[in-house]
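Written below as structure tokens is the structure these notes are about.
Just so it is clear, none of the values below were taken in a lab; they were calculated from the coordinates. The shown structure was predicted, so the numbers you read here are calculated from the model rather than taken from an experiment. Positions of Cβ are backbone-derived with ideal geometry, glycine not excepted, and every protein chain shown enters the neighbour counts.
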Amino acid sequence: MPEGEYRGMNLTILDVDHENVAYFGHCADHDFHLQKCTSCGLLRYPPGTACPWCQNREFEWTAVEGKGTVHSYGEVHQAIQPQFREKAPYMILIVDLDTQKGQPTEHEALRVAGNLATPDGDLAPPELVRQVGIGSRMRMVFADVGEGLSLPMWTLDEDAEQPENPWRYPQEYNGV
Amino acid sequence: MTPDVDATAPKFLRDKYAIIGVGETTYTRGSNLTTRALGTWAVKNAMEDAGIPASEVDGMMSYSNNDSTPSPMIAGDLGIRLNFYMDVYGGGSSSEALIGLAIGAIEAGMCNTVVVFRSMNGYSQVRIGGTGARARAPVGGDAVHTAPYGWFSAGQNFSPSFMRHMYDYGTTPEQVAMVKVIHSEHASNNPKAYYKQRLTVDDVLNSRMIVKPLHLLDCCVETDNATAVIVTRAERAYDYRNTPARILAVAGRVCKPRIDMHFQHGPISTVAGYYIKDIIWPNAGVGPEDIDLTGAYDAFTFTSMLQLEDYGFCKKGEGGDYVSSGIMRLGNERPNNTSGGHLCEGYTHGMNMIIENVRQLRGEVDDYCPVDDQDRKQHTFDYSGGACRQVPDANISMNLGWAMPGTGSSMVMRKG
Ligand SMILES: [Zn+2]
């Protein structure tokens, strides 16, 4: 059973939860995969038990490039858990994957959540938080939790062209 | 995605049901009571308000996040023999949905009169903000996609929707802060409100940042309290003490697509109200221009704004202008949350905004105005602090209930 302790939380995926076991198992290999419907061919996120567009229950795990653009974010300044407090402010990013963006309808995308992280998967320091906003180009990294369980995270894509001024909330708080 | 379906219902129940009684406990932080004692207190107050004896109540419903006491305990304590009860899992926006289900239960012949209550120690037991024991709970299965990111409290969960609205439409922190300013003004005329102090935009913007874009004062208060309303057929409603609030329409827990992860379906700054409006307006037979006062759920300042916009009280994207225009202020065109709402009065998962609208429609809001020798309020319509909060000629009200950006409920009532 994939499980582990992460920032004071006990994370568990039951063996019977095959979709999540497979999803986080691929993450543990640092090889991002999503379910691709065998009927309509659309990818979906988060993992699920049928295709939301055609109701087909069959799928294939498919490697997906972990690159995309920040669609929106939250920036937590007053963390709740003690082990997040020492890392505040931290960002929760909603990233539009380049893959399948605008499909099957213009407002849809595979929007994969994750924290803003350093390239090794740790929560980003304030000087990195200050640089990221809506429009920032990101690449996926992973935070390893336990055997068969890693979490997707996002870091700035060093190779991509970044927007000059990614959109950030207008008011700074404690310099961020 | 499945194509949108026509969710409008036959209109034969429009105006056929009413709320005949409302009641609540005091709003505190530290009730020193069980949710059983709180629930009993609120239900008894609602029964006294209606003047209904226990023998004429035969249905009971409640909602909770496993942080309450079920109906049979409350009914037993009050000597109510039930022909129907149901206690469901749910938070915000359950109130309107359960009133709709109560109508259904009565219409099905299962019972005659239903009490709907919510009892919670949202401050001293299960913290609604997600702190305390909730922050230490193990995380399993689908929650592993969210909670390990420090993304599990309501404010944290909703923040990307709120941010995107600012990005999409240029909504400013100053505009949104006006929701808190106006609700605080209303609360200053509410003896029950937990926070009665009037605040300014600067007070909101200078309060500490919780999760951008939410300052402390953009977030509601956590309180301990219980609240109750009593629903019955309109033709029975006039047997009781107060002018009934007649129900024109309800919409219950209407969802955006993919609410398991609603961000997949944009625009993410659009909320469930976008879908609710197509049910509630035709079913009620009225439109935004007919509404005298609103109760737009204000777990956060942004919550009221996003809903008012998507229900059509203003054009899409102009929510910031709407909430900062003063239109929602007592004395102006369409006051919102005249009790002070969740931001100031207390947090009840939506019930207090229904109670407030019922009292407004009666013309008998419990403000600081004097009473006559019949114990009737003599409203002054002076909306300065510590005075009146009655809306003049309040005939039609709307409640806009919120669970999260992807789910909401609504109810339109008229003066009976
Ligand atoms: Zn499919």
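Values for this structure:
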{"read-out": "Gyration tensor verdict on the stretch A:8-156 (Cα atoms; rounded if a/c is under 1.5, prolate if a/b is larger than b/c, oblate otherwise)", "value": "oblate"}
{"read-out": "Environment charge at residue B:147 (Cβ cut-off 13 Å; Lys +1, Arg +1, Asp -1, Glu -1)", "value": "+2"}
{"read-out": "Rounded FRET efficiency, nearest 0.05, which uses the C-beta distance separating residue B:12 from residue B:81 and R0 of 30 Å", "value": "0.50"}
{"read-out": "Within straight-line cross-link reach of residue B:377, lysines at Cα separation under 19 Å, skipping those fewer than 8 residues along the same chain", "value": "B:192, B:415"}
{"read-out": "GluC sites (Glu not before Pro) restricted to DSSP loop in the stretch A:71-165 with at most 11 other C-beta within 10 Å", "value": "A:86, A:106, A:158, A:161, A:164"}
{"read-out": "FRET efficiency estimate (nearest 0.05) - Cβ-Cβ, residue B:260 to residue B:137, R0 25 angstrom", "value": "0.80"}
{"read-out": "Paramagnetic reach from residue B:34 (point 7 Å along Cα→Cβ, amide N under 13 Å) across the stretch B:42-73", "value": "B:68-73"}
{"read-out": "Calculated over the protein assembly as shown: convex hull of Cα atoms, volume per residue (Å³)", "value": "146 Å³"}
{"read-out": "Per-residue HN-Hα couplings for the stretch B:95-104 [Karplus 6.51, -1.76, 1.60; θ = phi - 60°; Hz; x = Gly/Pro]", "value": "4, 5, 4, 6, 4, x, 5, 5, 4, x"}
{"read-out": "Low-density loop positions, trypsin sites (Lys or Arg not before Pro), the stretch A:45-131 - DSSP coil, at most 12 other Cβ in 10 Å", "value": "A:57"}
{"read-out": "Debye, to nearest 20: dipole size of chain A, +1 on Lys, Arg Cβ, -1 on Asp, Glu Cβ", "value": "520 debye"}
{"read-out": "Relative contact order of chain B, pairs being alpha-carbon contacts under 8 Å that are 6 or more residues apart, as %", "value": "24 percent"}
{"read-out": "Charge context of residue B:332, other residues only, Cβ under 15 angstrom, K/R +1, D/E -1", "value": "-4"}
{"read-out": "Positive-end residue, the stretch B:220-328 charge dipole about Cα centroid, Cβ charges, pick of B:301, B:232, B:313", "value": "B:232"}
{"read-out": "Charge dipole (chain B, unit charges on Cβ, about Cα centre) - positive-most of B:288, B:159, B:42", "value": "B:159"}
{"read-out": "Charge dipole of chain B about the Cα centre (unit charges at C-beta), most positive-ward option of B:349, B:69, B:214", "value": "B:69"}
{"read-out": "Length-normalised contact order for the stretch A:92-176 - Cα pairs under 8 Å, 6+ apart - percent", "value": "26 percent"}
{"read-out": "Cα-centre dipole for the stretch B:103-213 with unit charges at Cβ (Lys and Arg positive, Asp and Glu negative), debye to 20", "value": "420 debye"}
{"read-out": "Cα-centred dipole magnitude for chain B, charges only on beta-carbon of K, R (+1) and D, E (-1), debye, nearest 20", "value": "600 debye"}
{"read-out": "When the convex hull of its Cα atoms is projected in every direction, mean area for chain B (nm²)", "value": "19.0 nm²"}
{"read-out": "Sequence of B:41, A:167 once ranked by neighbouring C-beta atoms within 10 Å, starting from the fewest", "value": "A:167, B:41"}
{"read-out": "The stretch A:8-156, relative contact order [Cα under 8 Å, separation at least 6], %", "value": "23 percent"}
{"read-out": "Sequence of A:159, B:373 once ranked by neighbouring C-beta atoms within 10 Å, starting from the fewest", "value": "B:373, A:159"}
{"read-out": "Estimated FRET transfer efficiency when R0 is 41 angstrom, pair residue A:130-residue A:61 (beta carbons, to 0.05)", "value": "0.65"}
{"read-out": "Paramagnetic label zone (point 7 Å from Cα along Cα-to-C-beta, residue A:99; backbone N under 14 Å) in the stretch A:50-71", "value": "A:60-69"}
{"read-out": "Cut-off under 5 Å, modelled amide H: who pairs with residue B:126 long-range", "value": "B:121"}
{"read-out": "Rounded to whole Å, sorted largest first: equivalent-ellipsoid semi-axes of the stretch A:93-176, Cα gyration tensor", "value": "21, 20, 11"}
{"read-out": "Rounded to 5, the percent of DSSP beta bridges in the stretch A:8-156 classed as antiparallel", "value": "95 percent"}
{"read-out": "Within the stretch B:176-215, trypsin sites (Lys or Arg not before Pro) in DSSP loop having at most 13 other beta-carbon neighbours inside 10 Å", "value": "B:208"}
